[in-house]
Structures are given as C-alpha cells and as structure tokens.
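The values are calculated or read from the model by the stated rules, or taken from the named source; none is laboratory data. Just so you know, these numbers come straight off a predicted model, no measurement behind them. Cβ coordinates were reconstructed from backbone atoms using ideal geometry, including for glycine residues, and neighbour counts include every protein chain displayed. Quick note on the areas: whole protein, heavy atoms, side chains included, nothing else; ligands and nucleic acids left out. Shrake-Rupley method; radii C 1.70, N 1.55, O 1.52, S 1.80 Å.
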Amino acid sequence: MMKMSLLPPPLVALLCAWLMQWGLPLEGGEWGRGSWLLAALLWGLAALLGVGALLGFRHAGTTVNPRRPDRSSALVISGVYRYSRNPMYLGVLLLLLLWALWLGGGWWGAMLFWLWMDRLQIPREEQALGRRFGADYERYCQQVRRWC
C-alpha cells in the first residue's frame, strides 16, 4: 500500500481556502465589471477542467483517487489531459484564485496549494504512474506540461 500524502488534495484545498480568510476584512473585495468577467472566466475554466478530467477518467474506467494512483487501470492522455497532466488540480487552483478575488486578498493561499501539490502530491503520483505505465507515461510527460 502506497501512502501518497498526509492529506488528501480536496482537504488541502479546503484548508488553504479557510486560511486565506485570515487577516482580511469580512466584507470581501470590491467587485466591478472587470472582476465579474474575470470571475466568470475563472469559474468556467475551472469547471471545464474539472468536469473534463472526471469524464476522461470515467470513460477510461480508472480510479480518480489521488492517494492511490498505483491502482490506475488506464493512462488518460486525451481530452483536457492533452493540455495538462493535472487538470483537476489546475481547476482547484483557479477556484482558489477566484476565492481570493472574492475575498479581496489572500492570494498566498492559492500559492500554498500550488506548492503543496507541486512539491508533495504530484511527484508521488508521477512516481507511481511511472512505475505503472513505464515508457508510455514518460513519453506523455515529455509531451504535456505538469500544470499547463
């Protein structure tokens, strides 16, 4: 049994979102027309990435459990995975940026999530997938960036 990280990624995201509120005014940031447009763009892109990633995993009939990539039965490289090796994490990062926009600050929380995923979670997943899928996964990693 391979232990991926101390905390599952959704919990890391929720903790980062919760921590982002510290030291900020309760009423949040001011929203103008540009803010709403940016928010809609971030929300739409995050939804596209997240739903696209989940559908890709479902179509391939493989696990979405980030703590057990060693149980993957297929290497998903189509759909949103043609552009990013981690579209679910990228979508969550965009949602955290949207949360920071709503709060009017706390951008560092999105950076904290990115660092956790990039330095702790993703390398462990990549090792497991490399062992599981070998040269096919190596080729995929050479063709598609980790984040986008």
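Data table
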{"read-out": "Residue 12 being among the β-branched types (Val, Ile, Thr), part of a helix (DSSP H, G or I) and either modelled with pLDDT of 85 or more or open to solvent by less than 20 Å² (accessible area, probe 1.4 Å) (or both)", "value": "yes"}
{"read-out": "Residue that is farthest from the chain's Cα centre (by Cα), among those in region 50-73 that are of a type in the set (A, V, I, L, M) and open to solvent by 30 Å² or more (accessible area, probe 1.4 Å)", "value": "60"}
{"read-out": "Any hit, region 15-23, residues being at pLDDT 95 or above, farther than 20 Å from residue 141 by Cα and open to solvent by less than 60 Å² (accessible area, probe 1.4 Å)", "value": "yes"}
{"read-out": "Flag for residue 115 being out of contact with any Phe, Trp or Tyr (no Cβ under 8 Å at 6 or more places or on another chain), part of a helix (DSSP H, G or I) and surrounded by fewer than 14 Cβ atoms within 10 Å (Cβ to Cβ)", "value": "yes"}
{"read-out": "Residues of region 86-112 classified as open to solvent by less than 40 Å² (accessible area, probe 1.4 Å) and closer than 18 Å to residue 145 by Cα, total", "value": "7"}
